[in-house]
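Peer 1: The structure follows.
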Amino acid sequence: MTHPFRTMRVGFMGTPEFSVASLHAVADHFTVPIVITQPDKPAGRKLQLTPSAVKVAAQSLNLPVVTPDKIRRDSELIDELRTMNLDAIVVVAYGQILPQALLDIPRFGCYNIHASLLPKLRGAAPIHRAITDGETETGITIIRMDAGLDTGDMVLRRGIPIGNATTPELHNQLKTLGAEAIISALYAVFDGSAVFTAQDHAAHTYARKLTKEEAHIDWTQDATVLANKVRGLTPWPGTETTWQGKRLKVLRATPCRQSGVPGTIVSLGDSGLEVACGNGSLLLGEVQLDGKKPVSAADFIRGHHITAGEILG
């Protein structure tokens, strides 16, 4: 297949696995003279220095890759970028704020793939927060970047229903959608048909970073709120409660309509473990006791002495 803009020079900036599909798409359609990603970081029990997913992908594609520590302070790299005759730069979850000096380099600008329908859910954790906030739809927005946090003019928005997706499931849908959307957006930019639409800044919401403290389940909350929390905080920081003084992770849960004192086990059986909430109840479908493997709630019940009326912490 012939790509009409193959000679357009497009830099790429990204770091996690979410960015890899977009790197492959950009490299397939355009010329990529440079890939910029975060430095190798310690990972695993041995804290071995590990390259980012984007660095691994760039090397597999034989693309030049650099890993500046702080790009805002790397004047040498910014000067080098000025010599590359870049038409655009694509930015996908790079992980650092870009200086205006860099944003000004490409002829057509820098374009960010953001995993929400802007202006909703600007910030660091839009996929998780779309689920925990109870949104029914999310998507991808391609923006021409400015100095603000996800505040640039929109080039393209594509939405998808969330349904009962968990964060990993939604992540996989959106990384594919983002890779498709950035190609459509850049084609429109390069052929002059792109329409740039300002965001309604007064309508913006913020997707704050995740914290370990959010893992705790407050049983006085609404059952639907808690079910969204379980789906949205998977796999990290997860959601957890206590049973007989031990930490119990909740990996899968469904809102139901039983009532009782919040935190009380109201029923248990093959369908799971049902716990009363502030409004309704939560049917736990999969759990993990501290130090043990994840199991279905039914298997957990069969393997432990659990009775209705017990209270989870």
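Computed from the coordinates by the stated procedures, all read-outs in this text should not be read as laboratory data. Note that the structure is a prediction, hence the values are computed from the model and not measured. A quick note on method: Cβ atoms are made from the backbone with ideal geometry, for glycine too, and the neighbour counts reach across all protein chains shown.
Peer 1: Given 0.36 nm per residue, what is the gain on full extension from LEU47 to ARG247 after removing their alpha carbon distance, in nm?
Peer 2: Working: separation 200, 0.36 × 200 = 72.00 nm, distance 2.60 nm.
Here the segment from LEU47 to ARG247 would lengthen by 69.4 nm.
Peer 1: In debye to the nearest 20, how big a dipole does segment 250-300 give about its Cα centre with +1 on each Lys and Arg Cβ and -1 on each Asp and Glu Cβ? Please list the in-between numbers first.
Peer 2: Values: 4 positive and 5 negative charges, 19 e Å.
It comes to approximately 100 debye.
Peer 1: At 0.36 nm per residue, and after removing the present C-alpha to C-alpha distance, how many nm does the segment from ASP40 to ASP191 gain when stretched out fully? Let's see the in-between values first.
Peer 2: On the way: separation 151, 0.36 × 151 = 54.36 nm, distance 3.72 nm.
So the chain would gain 50.6 nm between ASP40 and ASP191.
Peer 1: Between segment 191-243 and segment 122-187, what's the alpha-carbon centroid distance in Å?
Peer 2: Cα centroid to Cα centroid, the span is 13 Å.
Peer 1: Let me ask something else about it. Arrange TRP243, TRP236 by Cβ neighbour counts within 10 Å, fewest through most, would you? The partial results should precede the final answer.
Peer 2: On the way: TRP243 19, TRP236 10.
Ascending number of Cβ neighbours within 10 Å: TRP236, TRP243.
Peer 1: Here is a further query. Where Rh is the Kirkwood radius over the Cα pairs of segment 212-303, the temperature 4 °C and the viscosity 1.567 mPa s, what D in µm²/s does Stokes-Einstein return?
Peer 2: Working: Rh = 12.7 Å.
D = 102 µm²/s.
Peer 1: Another question, if that's okay. Considering only DSSP beta bridges where both residues belong to segment 10-207, give the percentage that are antiparallel (nearest 5).
Peer 2: Numbers: 16 of 30 bridges.
Antiparallel bridges: around 55 percent, rounded to the nearest 5.
Peer 1: A further question follows. For LYS292 and VAL66 in one chain, what is 0.36 nm times their gap in residues minus the Cα-Cα distance, to one decimal in nm?
Peer 2: Values: separation 226, 0.36 × 226 = 81.36 nm, distance 4.09 nm.
Stretched out fully, the LYS292 to VAL66 stretch lengthens by 77.3 nm.
Peer 1: Stokes-Einstein diffusion coefficient for segment 110-206 at 37 °C in a medium of 0.692 mPa s, Rh from the Kirkwood formula over Cα pairs: what value in µm²/s? Kindly include the intermediate steps, with their values, before the conclusion.
Peer 2: Working: Rh = 13.4 Å.
Using the Kirkwood radius from Cα pairs, D works out to 244 µm²/s.
Peer 1: Kirkwood-based Rg over Rh for the chain (C-alpha set), two decimals? Provide the component values of the computation, followed by the final result.
Peer 2: Details: Rg = 22.8 Å, Rh = 21.4 Å.
Using only Cα positions, Rg/Rh for the chain is 1.06.
Peer 1: Report the one residue of ALA223, GLY109, PHE5 whose Cα lies farthest in the direction of the positive end of the charge dipole of the chain (charges on C-beta: Lys and Arg +1, Asp and Glu -1; origin at the Cα centre).
Peer 2: Checked the options; the winner is ALA223.
Peer 1: Using R₀ = 45 Å, calculate the FRET efficiency as 1/(1 + (r/R₀)^6) where r is the Cβ-Cβ separation of THR83 and THR2; round to 0.05.
Peer 2: Details: r = 29 Å, r/R0 = 0.64.
Efficiency for this residue pair is about 0.95.
Peer 1: Please give me the summed charge of the neighbours of GLY123: other residues whose Cβ is under 10 Å from its Cβ, Lys and Arg +1, Asp and Glu -1.
Peer 2: On the way: positive: ARG122, ARG129, ARG208, LYS209; negative: ASP150.
Residues close to GLY123 contribute a combined charge of +3.
Peer 1: Can you check how the C-alpha radius of gyration of segment 1-147 compares to 2.2 N^0.38 Å, as a plain ratio? Walk me through the numbers before you get to the answer.
Peer 2: Details: Rg = 15.8 Å, N = 147, 2.2 N^0.38 = 14.7 Å.
With N residues counted in segment 1-147, Rg over 2.2 N^0.38 Å equals 1.08.
Peer 1: I'd like to know which of ALA147, SER75, ALA53 lies farthest towards the positive end of the charge dipole of segment 10-207, counting +1 on Cβ of Lys and Arg and -1 on Cβ of Asp and Glu.
Peer 2: Going by the Cα projections, it comes out as ALA53.
Peer 1: So which lysines pass the test for LYS120, namely a Cα distance under 26 Å, with those fewer than 8 places away in the same chain ruled out?
Peer 2: Those lysines meeting the cut-off are LYS175, LYS209, LYS212, LYS229.
Peer 1: In segment 47-114, what trypsin sites (Lys or Arg not before Pro) fall in a loop by DSSP, with at most 15 other Cβ atoms inside 10 Å? Intermediate values should be presented prior to the final figure.
Peer 2: Numbers: sites: LYS55, LYS70, ARG72, ARG73, ARG82, ARG107; in loops: LYS70, ARG107.
Taking segment 47-114 and a limit of 15 other Cβ atoms within 10 Å, the loop trypsin sites (Lys or Arg not before Pro) found are LYS70, ARG107.
Peer 1: Mind checking the dipole of segment 10-207: about its Cα centre, +1 per Lys or Arg Cβ, -1 per Asp or Glu Cβ, Debye to the nearest 20? Mind showing how you got there, number by number?
Peer 2: Working: 16 positive and 20 negative charges, 95 e Å.
The dipole of segment 10-207 has a size of about 460 debye.
Peer 1: Shape call for segment 161-246 from the C-alpha gyration tensor, a ≥ b ≥ c root eigenvalues: rounded (a/c under 1.5), prolate (a/b greater than b/c) or oblate? All intermediate terms of the calculation are to be shown ahead of the outcome.
Peer 2: Working: a/c = 3.43, a/b = 2.38, b/c = 1.44.
Since a/c reaches 1.5 and a/b is larger than b/c, the shape of segment 161-246 is classed as prolate.
Peer 1: Nearest 10 degrees, 0 to 90: what angle lies between the long axis of helix 223-232 and the longest principal axis of the chain (Cα atoms)?
Peer 2: Roughly 40 degrees between the two axes.
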